[in-house]
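Right, one structure below, let's go through it.
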Amino acid sequence: VKLYNPTTLSISSLIKLSRGHFNREHIVLMENSILWSLTWNVHPPTPLCFVRHFISLLEESGCPSDVTLEIEELARFLTEISVCDYYFT
């Protein structure tokens, strides 16, 4: 859900899910501890995430759907083929 769907979970939802075992302070402190332990490297964007974002910007700007589809297919192909060549890694 969190990778491609930008919905957020509220702290009150997390408290309900924990059935009251944790309060707001516990959740905030643990989230902060996890993020600092991971040095905030939680989910760097992948090339295909960038392509999806770029395509959405093209669609919003009024680019014809056939053009955005062609750009998306070509970008996906080039992204996938680039992992086959060590030079690009």
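The values are calculated or read from the model by the stated rules, or taken from the named source; none is laboratory data. From a predicted model like this one, the values you see are computed outputs, not experimental measurements. Glycine also receives a Cβ, built like all others from the backbone with ideal geometry; neighbour counts cover every protein chain displayed. Just so you know, the surface numbers come from the protein's heavy atoms only, side chains and all, with ligands and any DNA or RNA stripped out. Shrake-Rupley method; radii C 1.70, N 1.55, O 1.52, S 1.80 Å.
Going by the structure shown, is Ile81 β-branched (Val, Ile, Thr), open to solvent by 70 Å² or more (accessible area, probe 1.4 Å) and in a helix (DSSP H, G or I)? Show your work before the answer.
Working: β-branched (Val, Ile, Thr): yes; open to solvent by 70 Å² or more (accessible area, probe 1.4 Å): yes; in a helix (DSSP H, G or I): yes.
Yes: the conditions hold for Ile81.
Report, by residue number, each residue of the range 10-50 that is more than 30 Å from Val83 (Cβ to Cβ) and either polar (S, T, N, Q) or touching a Phe, Trp or Tyr at 6+ places or on another chain (Cβ under 6 Å) (or both).
To start, the set of residues in the range 10-50 that are more than 30 Å from Val83 (Cβ to Cβ) comprises 10-33, 36.
Answer for the range 10-50, where residues must be more than 30 Å from Val83 (Cβ to Cβ) and either polar (S, T, N, Q) or touching a Phe, Trp or Tyr at 6+ places or on another chain (Cβ under 6 Å) (or both): Ser10, Ser12, Ser13, Ser18, Asn23, Asn32, Ser33.
Here are Thr39, Thr46, Thr68: which of them is over 30 Å from Leu14 (Cα atoms) and β-branched (Val, Ile, Thr)?
Numbers: Thr39 fails: over 30 Å from Leu14 (Cα atoms); Thr46 fails: over 30 Å from Leu14 (Cα atoms).
The match here is Thr68.
Pairs only if they're at least six apart or on different chains, beta carbon under 6 angstrom, first in the range 46-58 and open to solvent by less than 90 Å² (accessible area, probe 1.4 Å), second at pLDDT 85 or above; list them, first residue then second.
Matching pairs, first to second residue: Val51/Ala75; Ile55/Thr68; Ile55/Glu72; Leu58/Thr68.
It is to be established whether one or more residues within the range 53-75 are β-branched (Val, Ile, Thr) and not in a helix (DSSP H, G or I). Spell out the reasoning first.
In the first step, residues of the range 53-75 are kept if they are β-branched (Val, Ile, Thr); the result is 55, 67-68, 71.
Applying the additional criterion that residues be not in a helix (DSSP H, G or I) yields none.
The answer is no, given that none of the residues of the range 53-75 is β-branched (Val, Ile, Thr) and not in a helix (DSSP H, G or I).
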